[in-house]
1. Which is more than 17 Å from Y114 (Cα to Cα), hydrophobic (A, V, I, L, M, F, W, C) and either over 16 Å from the mean Cα position of the chain (by Cα) or at pLDDT 95 or above (or both), of L142, L137, L147?
2. Quick one: which of G49, G110, G124, G139 is at positive phi and buried (at least 22 other Cβ atoms within 10 Å of the Cβ)?
3. Go over the candidates V35, V45, V64, V40 one by one and state the one that is of a type in the set (A, V, I, L, M) and under 18 Å from the mean Cα position of the chain (by Cα).
4. Within region 146-162, identify whether any single residue is touching an Asp or Glu at 6+ places or on another chain (Cβ under 6 Å) and of a type in the set (F, W, Y), and answer yes or no.
5. Looking only at strands (runs of 3 or more DSSP E) that fall completely inside region 1-45, which ones have 2 or more residues that are at pLDDT 95 or above and surrounded by fewer than 16 Cβ atoms within 10 Å (Cβ to Cβ)?
6. Starting from region 35-56, keep only residues that are under 21 Å from P12 (Cβ atoms), then list their pairs with residues that are in a loop (DSSP other than H, G, I, E, B) and aromatic (F, W, Y) whose Cβ atoms are within a distance under 7 Å, requiring at least 6 positions of separation or different chains.
7. List pairs: first in region 127-146 and under 17 Å from S89 (Cα atoms) and of a type in the set (S, T, N, Q), second modelled with pLDDT under 95 and surrounded by fewer than 24 Cβ atoms within 10 Å (Cβ to Cβ), Cβ under 6 Å, 6+ apart or cross-chain?
8. Given the conditions (1) under 16 Å from the mean Cα position of the chain (by Cα); (2) within 17 Å of V115 (Cα to Cα); (3) crowded, with 18+ Cβ neighbours inside 10 Å; (4) free of Cβ contacts under 8 Å to residues at least 60 places away in the same chain, which single one is not true for S78?
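The values are calculated or read from the model by the stated rules, or taken from the named source; none is laboratory data. Since this is a predicted model, take the numbers as computed values, not measurements. Quick reminder, even Gly has a Cβ in these numbers, built from the backbone with ideal geometry, and neighbours come from all protein chains shown.
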Amino acid sequence: MAERRYGVPAPPTETTVRSADWDGRELSHESHHRVLFQDVDMTEVADHGSSFEECQFRNVRFNVSVHEDARFLNCVFSRCSFFDATFRSCKLTGSMFDGCTFGLLKVEGGDWSYVGLPGADLRGSAFQGTRLREADLTGAKLEGAELRRSDLSGAWLHGADLSRCDLRGSDLSTLDPREATLTGAIIDAVQATVVAGTLGFDVRA
């Protein structure tokens, strides 16, 4: 398992949900604390306002699920699949992803600050208006992805591949172009000025 940010260990779980079939289930403001979800099928789950705090998800299928105003705080996701999953206005602060698949993941708004996604294959994923402050995207694959109007201040992007990634409107103030692959990445005029300043250019009108 990839290490959590700053080496902080995952909190222990106290109860277990194993091999449960939640396919198509509706979750409304449920609350789960320090639960281990093992081999659970959450395909096409419709989640409205539920809370998962310090939980662990191992080999859980979130495919085509929709989560709105949900909270996954300081959780660990190991070998989970998120194909065509949608997160709207959700809070995933401090959560860690290890060995997960994300094809066509859609994130709209929400707070993903301090999230750990090192080495994640996020090609084809879309983040719009999402707070990703100090998120660990070290070595992440984001070719052709969208990171529009998102807060990437303090994000770890060393070794990340942002080729052809649409970054327009996002905060790139701490992006070092020398430490990430940016071939064909899409940015706007304001961002171009920020990046030029990072490279030491004296930008004048």
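1. So the residue among L142, L137, L147 that is more than 17 Å from Y114 (Cα to Cα), hydrophobic (A, V, I, L, M, F, W, C) and either over 16 Å from the mean Cα position of the chain (by Cα) or at pLDDT 95 or above (or both) is L142.
2. Numbers: G49 fails: buried (at least 22 other Cβ atoms within 10 Å of the Cβ); G124 fails: buried (at least 22 other Cβ atoms within 10 Å of the Cβ); G139 fails: buried (at least 22 other Cβ atoms within 10 Å of the Cβ).
Within the list G49, G110, G124, G139, the selection yields G110.
3. Result: V64 is the single residue among V35, V45, V64, V40 that is of a type in the set (A, V, I, L, M) and under 18 Å from the mean Cα position of the chain (by Cα).
4. yes
5. Once the strands (runs of 3 or more DSSP E) in region 1-45 are filtered for at least 2 residues that are at pLDDT 95 or above and surrounded by fewer than 16 Cβ atoms within 10 Å (Cβ to Cβ), what remains is 15-18, 26-28, 31-33.
6. The qualifying pairs are V40/W22.
7. Here the result reads none, with nothing in region 127-146 linked to a residue that is modelled with pLDDT under 95 and surrounded by fewer than 24 Cβ atoms within 10 Å (Cβ to Cβ).
8. So the condition that S78 fails would be (4).
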